[in-house]
Amino acid sequence: MERQKESDIREAGEGRATPVLKSVRRGRGEVPLSDQAYQILEEKIVTNEFSPGKVLSEGLLATQLGMGRTPVREALQRLANEGLVQILPQRGILVSDLTVDDYLKLMEARRPLERLIAELAAVRASQKQNFTISKQASQFRQAQQSGNERLFMKVDHEFNHSLIEAADNNYVSRMVGLLHGQSRRFYFKHHAVTDFSETARLHADLAEAVANRREDNAIVAADRLIDFNVRLANRVLNRR
């Protein structure tokens, strides 16, 4: 479904007719249009398809997505709150930059939050949530052993949501949610200098610690992941 949505945007950019995107059904509910717009636009910014400095038009995005302006405006406001775009009155929406210094400060903010989420998830996860996280740990190991970066990125996105859900703290969830998109964005931009095998292993270690309800080990694993991200930023600096 996500690939189809992205294809729709590309086709619109090429001047083809864009079909209206319908709400995605999940169980008995539906994903609101504003959430759909957010998911598509966030992915394009995170993967640098919408690169820093690019100016977006709310009206054009609405046309390309086959939506009204209101859900697109709501999605753009969420992206602005996360620092991914800047809304410039009368000028458009500017895709924000993310410097190495910005990223290091982001890691300072993430460290205590990730430690807390890991601890809470290890203690509070339900049996069903534990099963899901255990499965994700196995998928991280599989990605590490096979060198499958696409699988890793897919599972990593799901794992972030699993941890937040298991931690069961809306306040922490809101705070860390503002930071995850920027972190993924930095990874995409600099993945060429990333030790993929190491990051997959560290994610697997964290998932296993949470699934085994070892909160002390989970905190240590969360710290090691942040340490890895800091080393990545320093590696990027040293290449300049």
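Just so you know, all these numbers are worked out from the coordinates, no wet-lab data involved. In this text, all values refer to a predicted model and were calculated from it rather than measured experimentally. Reconstructed Cβ throughout: ideal geometry from the backbone, glycine too, with neighbour counts over all protein chains shown.
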Links that overshoot a 24 Å alpha carbon limit, given the list Lys105/Lys128; Lys44/Lys189; Lys135/Lys189; Lys44/Lys154; Lys128/Lys189: Lys105/Lys128; Lys135/Lys189; Lys128/Lys189
Using θ = phi - 60° and Karplus 6.51 cos²θ - 1.76 cosθ + 1.60, couplings along segment 180-191 (whole Hz; Gly, Pro as x): 5, x, 5, 5, 5, 4, 5, 4, 4, 5, 10, 5
Within segment 154-168, which residues have the backbone N less than 19 Å from the label spot 7 Å out from Glu49 along Cα→beta-carbon, could you tell me? 154-158
Computed FRET value (nearest 0.05) for Ala192 with Glu74, which takes r as the C-beta separation and R₀ as 35 Å: 0.50
Treating the beta-carbon of each Lys and Arg as +1 and of each Asp and Glu as -1, no other charges, what is the dipole magnitude of the chain about its Cα centre, to the nearest 20 debye? 280
Taking the C-alpha atoms of the chain, how large are the radius of gyration and the largest Cα-Cα span, Dmax, in Å? 18.6, 55
The chain, helix-only ellipticity at 222 nm - DSSP H runs n ≥ 4, -39,500 (n - 2.57), divided by all residues, nearest 500: -24000 deg cm²/dmol
Once you sort the root eigenvalues of the Cα gyration tensor of segment 100-238 as a ≥ b ≥ c, which label holds: rounded (a/c under 1.5), prolate (a/b larger than b/c) or oblate (the other case)? oblate
Selected from Ser146, Ser34, Ser138 as most flexible by GNM, with the chain as the system and alpha-carbon contacts under 10 Å: Ser146
As I understand it, the dipole of the chain uses +1 on the Cβ of Lys and Arg and -1 on the Cβ of Asp and Glu, about the Cα centre. Which of Ser126, Phe159, Gln39 lies farthest toward its positive end? Gln39
For segment 145-151, Karplus couplings with θ = phi - 60° (6.51, -1.76, 1.60), whole Hz, Gly/Pro x: 6, 9, x, 8, 6, 5, 4
Pick from Gln39, Gln145, Gln90: which residue has the top mean-square fluctuation in a GNM of the chain where Cα pairs under 10 Å get a spring? Gln90
